[in-house]
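To start, the structure itself, in structure tokens.
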Amino acid sequence: METRIDYQNTAPKALKALLGVETYLGHSSLSPKIQGLIKLRASQINGCAFCVNMHYGELKKLGSADTYLNLVSVWREAPCFSDKERAALAWAESVTLLADTHVPDQEYDLVRKYFSEDELIDLTVAIGQINLWNRLSVAFRILPPVDATEGRRNLS
């Protein structure tokens, strides 16, 4: 597999605009952990290997254990997530899968129990932003910085 377009160097103005949103989110009321969880979950749903790898690593640096991170994709069945994290993950899934879910009232009612209006706007902006990053990375085949033989070494 090879990268199709290096969009960061090809479209620096677009990159600057995207990074402006990241700066905004970095100063938002959302914790880095909540942002990381929703970014990881949306990236899993969208099949973005680059972003899954990046956000997994960021959450590890914040102190999250491998076991916890390995359960993000099955958070509904895992007891290690707080009610607030569950609400954020449910909202992330619903907004990411917008065409299928149409973001039902039950998801909105749940997330409003844990997030103010301002926080919910920031949460939704963060979800929209990661979905855009995912689409750029998948469409232009931005690959994670891993050795292509890494998973095959111990199989023989």
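The values are calculated or read from the model by the stated rules, or taken from the named source; none is laboratory data. Fair warning: this is a prediction, and the values are worked out from it, not measured in the lab. Cβ coordinates were reconstructed from backbone atoms using ideal geometry, including for glycine residues, and neighbour counts include every protein chain displayed.
For the reader, a short list of remarks on this structure follows.
- Subset of segment 43-69 [among the small types (Gly, Ala, Ser) and within 14 Å of the chain's Cα centre (by Cα)]: Ser43, Gly47, Ala49, Gly57
- Odd one out for Arg76, checked against (1) out of contact with any Asp or Glu (no Cβ under 7 Å at 6 or more places or on another chain); (2) within 22 Å of Arg141 (Cβ to Cβ); (3) not in a loop (DSSP other than H, G, I, E, B): (2)
- Residue under evaluation Gly151, criteria (1) surrounded by fewer than 14 Cβ atoms within 10 Å (Cβ to Cβ); (2) touching a helix residue (DSSP H, G or I) at 6+ places or on another chain (Cβ under 9 Å); (3) modelled with pLDDT under 95, criterion not met: (2)
- Helices (runs of 4 or more DSSP H) wholly inside segment 83-156 that include at least 1 residues being more than 30 Å from Tyr7 (Cβ to Cβ): 83-96, 105-112, 117-139
- Candidates Leu97, Leu40, filtered to the one that is under 18 Å from Asp122 (Cβ atoms) and free of Cβ contacts under 8 Å to residues at least 60 places away in the same chain: Leu40
- Filtering segment 1-44 to residues that are among the β-branched types (Val, Ile, Thr) and crowded, with 17+ Cβ neighbours inside 10 Å leaves Ile34, Ile38.
- Verdict on Ser94 being of a type in the set (Gly, Ala, Ser), surrounded by 19 or more Cβ atoms within 10 Å (Cβ to Cβ) and touching a Cys at 6+ places or on another chain (Cβ under 7 Å): no
- Only one entry in Leu71, Leu19, Leu37, Leu98 is among the hydrophobic types (A, V, I, L, M, F, W, C) and in contact with a helix residue (DSSP H, G or I) (Cβ under 7 Å, 6 or more places away or on another chain), namely Leu37.
- Close pairs from segment 65-86: first within 15 Å of Lys33 (Cα to Cα) and among the basic types (Lys, Arg), partner at pLDDT 95 or above and exposed (fewer than 14 other Cβ atoms within 10 Å of the Cβ), Cβ under 8 Å, at least 6 apart: Arg86/Arg76
- Look at segment 103-128: where a residue is modelled with pLDDT of 95 or more and a partner is surrounded by fewer than 18 Cβ atoms within 10 Å (Cβ to Cβ) and outside any helix (DSSP H, G or I), sitting 6+ places away or on another chain with Cβ atoms under 7 Å, you get Asp118/Ser29; Glu119/Ser29; Asp122/Ser28; Asp122/Ser29.
- Qualifying residues in segment 70-90 (those that are within 12 Å of the chain's Cα centre (by Cα) and not small (Gly, Ala, Ser)) - the one nearest to Ile127 (Cα to Cα): Leu89
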